[in-house]
Amino acid sequence: MLKGIFVLLMFQGIGEYTTYLTKMPIPSSVIGMLLLFLTLLMRNNPIPSYIESSSNLVIRFLYLFLIPSCVGCLFLIRENFSIWLYLLTTIFITTLLTIFFGSLLMKYFVVRHEKKIRKNI
């Protein structure tokens, strides 16, 4: 499990370094996750068990990472009430985009998995 956490933190660090060098307005964690995803995709092997177990642990406690952000948004709305419409619109649109792209990815991976199963039979 420690090896998996190290790999996740390493990709987080690579994302931080990439954001620092390129000055992109994309969060470093997103870049790190994208690089990890591309690396695992290019390997064309199953995900190593140490990465899977560490990822499952992080996902299990994901709500703890989101609580400070949600509380910060509540205080932000309280201080500047004029942005509530923009904030709600942004949340609504990003939720729809997440559902849309998540379903596309799920469909892609299900089809890919089914092709792999047929190929092995």
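Using Cα atoms only, what is the angle between the long axis of helix 2-22 and the major principal axis of the chain, expressed in degrees (0 to 90) to the nearest 10?
Helix 2-22 sits at roughly 60 degrees to that axis.
Relative to the longest principal Cα axis of the chain, at what angle does helix 84-120 sit, 0 to 90 degrees, rounded to 10?
Between helix and principal axis, roughly 0 degrees.
Normalised by the residues of the chain, what does the relative contact order come to in percent, with Cα pairs under 8 Å and at least six apart?
The value is 23 percent.
Taking the 0 to 90 degree range and rounding to the nearest ten, how far is the long axis of helix 62-79 tilted relative to the main principal axis of the chain, both from C-alpha atoms?
Long axis of 62-79 versus the principal axis of the chain: about 20 degrees.
Packing-wise, with mean Cβ within 10 Å as the measure, how do 85-95, 3-13 rank, highest first?
Ranking the peptides 85-95, 3-13 by packing returns 3-13, 85-95.
Using 0.36 nm times the number of residues separating Phe65 and Phe92, minus their current alpha carbon distance, what extension gain do you get?
Contour length minus Cα-Cα distance gives 7.7 nm.
In terms of Cα to Cα distance under 19 Å, which lysines are near enough to Lys115, apart from those fewer than 8 places away along the same chain?
Lys107
Bear in mind that the values in this text are calculations on the coordinates, not laboratory data. These figures come from a predicted structure and were not determined experimentally. Quick reminder, even Gly has a Cβ in these numbers, built from the backbone with ideal geometry, and neighbours come from all protein chains shown.
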